[in-house]
1. List the residues of region B:88-112 whose backbone N lies under 20 Å from a point placed 7 Å from the Cα of B:Ile487 along the Cα-to-Cβ direction.
2. How far apart, in nm, are two points set 7 Å out from the Cα along the Cα-to-Cβ line at B:Ala478 and at B:Ile144?
3. Lysine pairs in chain B with Cα distance under 26 Å, only those 8 or more apart or on different chains: how many are there?
4. Can you give the Kirkwood hydrodynamic radius for region B:414-464, in Å, rounded to one decimal and based on Cα pairs?
5. What does the convex hull of the alpha-carbon atoms of region A:355-449 project to on average, in nm²?
6. For B:Met415, list long-range residues whose amide hydrogen, built 1.01 Å from N in the peptide plane, is under 5 Å from its own amide hydrogen.
7. Would you pull out the residues with amide H under 5 Å of A:Trp67's amide H, same chain only if 5 or more places away, H placed 1.01 Å from N?
8. Using a 1.4 Å probe over the heavy atoms of the protein chains, calculate the carbon and sulfur portion of the accessible area of region A:295-524 as a whole percent.
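The values are calculated or read from the model by the stated rules, or taken from the named source; none is laboratory data. Since the structure is predicted, the reported quantities are computational estimates derived from the model, not experimental observations. So basically every Cβ, Gly included, is an ideal-geometry build from the backbone, and we count neighbours across all protein chains shown. Just so you know, the surface numbers come from the protein's heavy atoms only, side chains and all, with ligands and any DNA or RNA stripped out. Shrake-Rupley method; radii C 1.70, N 1.55, O 1.52, S 1.80 Å.
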Amino acid sequence: MEASLLNWMIFTPTIGALLCLIVPGKQQARWVALISSIVTFLFSVELVIAYYGLSAGGVQFETAVPWIAGINAFYRTGVDGLSMPLVLLSTALSILIVLASWRIEKATKAFMALYLLLLTGMLGVFLSLDMFLFYVFFEISLLPMYFLIGIWGGPRKEYAAIKFFLFTLAGSICLLIVMLGLFFLTGKAVGASGNTWVMVSSDPGTLTLQSEAVRALFAMDDGAYWGFAQWAFWLTLIAFAIKLPMAPLHTWLPDAHVEAPTPISMILAGVLLKMGGYALMRITYPFFPDAARYFWVAVAVLAVFGILYGAMCAMAQTDWKKLVAYSSVSHMGYVTLGIAVMTRTGFDGAYYQMIGHGISSAMMFFLVGVVYERAHHRDLDRFGGLWLKWPGYGGWSLIGFFAGMGLPGLCGFIGEIMVLLGTFEAAAIGNVGATSQATVYTLGILAASAVVLTAGYILWMFQRVYMGNEKPEYGEFAALTGREYFIMGTLGIAALVFGILPILVFNLTDPTFTSIMAILGIGG
Amino acid sequence: MNLASETRWEDLWGDLWMVMPEVWLVVAMCAVVLAPFIKRRSVALPLGVASAGLMLAVMAALSSFASADAMGTVFTGSLVIDPFSQFFKVLLTLFTLMILGLWILHSRSQTDPADAPDFLCLLLGAAVGMSLMVSATNLLVIFIATETASMPSYALAGFRKRRREGSEGSLKYVLFGSVSSAIMLYGMSLVYGAAGTLSIYGIAAQAAAGISPLMAIGLAAMLAGFAFKLSAVPMHFWCPDVFQGAPIEVTTFLSVASKGAAMCMLLRALAAFAAAAPANGYLFVGIGVAVGILGAVTATWGNLVALHQTNIKRLLAYSSISHAGYMLMAASVAVIAGRSWEGGQHQTGAIQVVVGAVLFYIVVYAFMNLGAFTAATLLAMHTGTEDIRGYAGLSRRSPWLAALMTACLLSLFGMPGLGGFWGKVFLMKSMALAGGAGFALIAVLLFNTLISLYYYLKPVYYMYFVPDEDERPAFLPAGGGLAMLVICVSVLLATGLLPNRIESLARGYATLYPNPVITAPPPLETTVSLLESAPAHD
């Protein structure tokens, strides 16, 4: 029952997309998009209720249908603790994003159809258990994004769209190389029947890439596997680091965000970036734990560099939206760091950072969009005194930006602090090999110091935009609508709730993370 | 196979039944030329005759699957009829029918009715040559088939007589074609001198005993001839000019049918070599590596040059060069994996996997190229330009056409969900059979895919992102063209979502006639004398 529910959930947006193209008018297309995203959300709620009733950490509600016999590819979907919260985040955000795009007048039908198609792609990425299916959804989610940025974007939209596409595609190709390598290596190890794309499965008889069985077979030929694992680790890391994005592969992100329309920035920051972090936890680390442990310093250094570099870039911006975009680079650096140090606390923190950032970044982009729609510019130096104009908006902004900043009690805090704790923990329990404790402490201190930078750019921005005297041109601004208050309010409340009750997420993820830790060879 | 056996009239008569597809094409070809004597200046009559001939050829090719007797060698072993060849002939004749449709759509109104039979006759003639190419196992027949396919193509390329570009392209085609034919013929003479036989199986058996420098040079020269038909680098210079100058239906025909036939001919030769591979034949691997490098260079060069194109036909021409490169890269694996570097084991299944993957690719490639060219035709008819900058704002003026063309271009690039993606996946799967060399090929293929994205998105960029400054009116393309486009995209979607059926079909038909057992190659003198005495039997 739930398995078919899950598959319906993936393809409900597709059906909605087709309907959007058929309906006669713009208004109908908006309603179709809204209803299909609400239905998708209800499906996911149903799913999470069913999931809560189960205590096991493995994959639930699995569907496995042979798809392409020639390469042993399956249509295999299912959900576990790693994907469940992200699925819920995507479906919940998707409703708010449809509402945020309510006022899009240019080719509304096409916009909604592409947006719903994107939703199918994202859900497919989170829910597919077969690597080939994962890849297909990973690629399918690119194309709608390309059009959504390229058609509805700002002045340099074409450049931003093609840059986004080429960067991500380069990553996909790195991933494809590793996928093929894994496929043929498993075949070589077990015989032709052993060729597998299955990442993880609830069926004990299935040969999965995360299972000990495959690893033991690789271990038979240590040298060859080790050579492959080193390459494969870096290739998949690059593939997902581009998506995440991790400095120095982040350069597409500020362009894409600045040019994309507000709702698309929301989905990009809120969900699409999380595909990178999710895939690191699903593929890169569990498949190649030895390589991950061997190279952990390099990855962690890159992550800390990203945190600091993103924060400093954000501080230097005069474009409001670009500031938020660079803050994403900085915040996603915590995700990489939490994963790179390979401690349980780090992993939990990295995951929570993704959820928290999904809420806070979507909210920040929306807050910027609301003003941009009225002022038609985003120059920080030309704002001031917005609080006096709209006290209610100011209040919600406070929650949104402070959640991004990582204020205790809001959703951004828990992820950051756990990542930092996990980093120091790595030194204590020596998970990360013989590297000197000094390295670990240095990295931890540097990452922690970025919190100051973050507070700096957020507070300075807040001062420039919200404080001071009201500007005369604000008189022409249209009043905020109930729709806008609803979006801000929902995200703000979510930021509060997830800042206070992290258990909501950890209850879902705990058993699965325990099994991933076992694969990584980490206690905890 | 045995030339020495008594060749009788009855045998030849029986053999004729096995080549009925070609026979019907030849009959239709003659009938088309005679049609004006029945009704002057009629287009419908020769068109009907040509379509009927093609349909009969399709049925004849299909009926050969009905019984095992219909497969085997004919005409004293110079042609082979096997599932592989018949599958391609079905594909070829169906594709030629679709080319007729494209011709009606695009050129019929611009063509003088008196020229229609000429065009159809040339088209059918080229089809005869191509279907002979896939069956040829004898060097002379290979040469004759290639020329039969090429000669009409030269004339077809320049069929728009008043267009300068057409004449220029045609002349370039003729000059290039004759030079490469000469090189190929020279290579064949060297190979014959070295091997003492004209049969590719005999040559393969001789080469298994040792490849002399003479034979190596001869084989390389023959490869140049194949490369010309495939428009592989460095024999590709004719391709963009011919594609640009020729009417668009001819361009489509050449880009798919001609390349497909050359590819199949090459595959048959490579498979014959692979099957005869000796235990320690490192020179054999050399043949495969040479083809693989040719393919890698072709793909990369085609893609790099395509980046700068602004004419849609030139862009698609370079794209087709790179696709030929992809197929060549996979074809090389038949030999490399046949004599695998790992463990010295002969991978008997490798040839079938490779041939199946390439056949699947040809099927998908046929539809995506046909779709892309049809869309380009419809646009050229409407906007009067082949410059992709003229596509600005098309998504507003004709959303369906823009969407369908985008689907074809994305399939050419290899977007998951469309057939082109699986084409590439199966090519990669077969490449992986060749071990380390195979992974190098896969890396080249993926690198090329990344480059190609940029230029496949260029028309998409103009159609969707650039507003139309001239405010040209909205339009709906003619029903026929749109229908053809819809069929192509449906096939691409069907193969993209459920590639199973077509892939197993292609793999099933990838059965090549096995190499005949050759105990001892006959000495040179005997063979020559037998050849001289052969006409006496006719």
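1. B:88-109
2. Distance between label points: 3.9 nm.
3. 23
4. The Cα-based Kirkwood calculation yields 12.0 Å.
5. In nm², the orientation-averaged hull projection of region A:355-449 is 8.0.
6. So B:Met415 has HN proximity to B:Phe421.
7. A:Ala73, A:Phe74, A:Tyr75
8. On the way: 5370 of 7790 Å².
Ligands and nucleic acids excluded, carbon and sulfur reach 69 percent.
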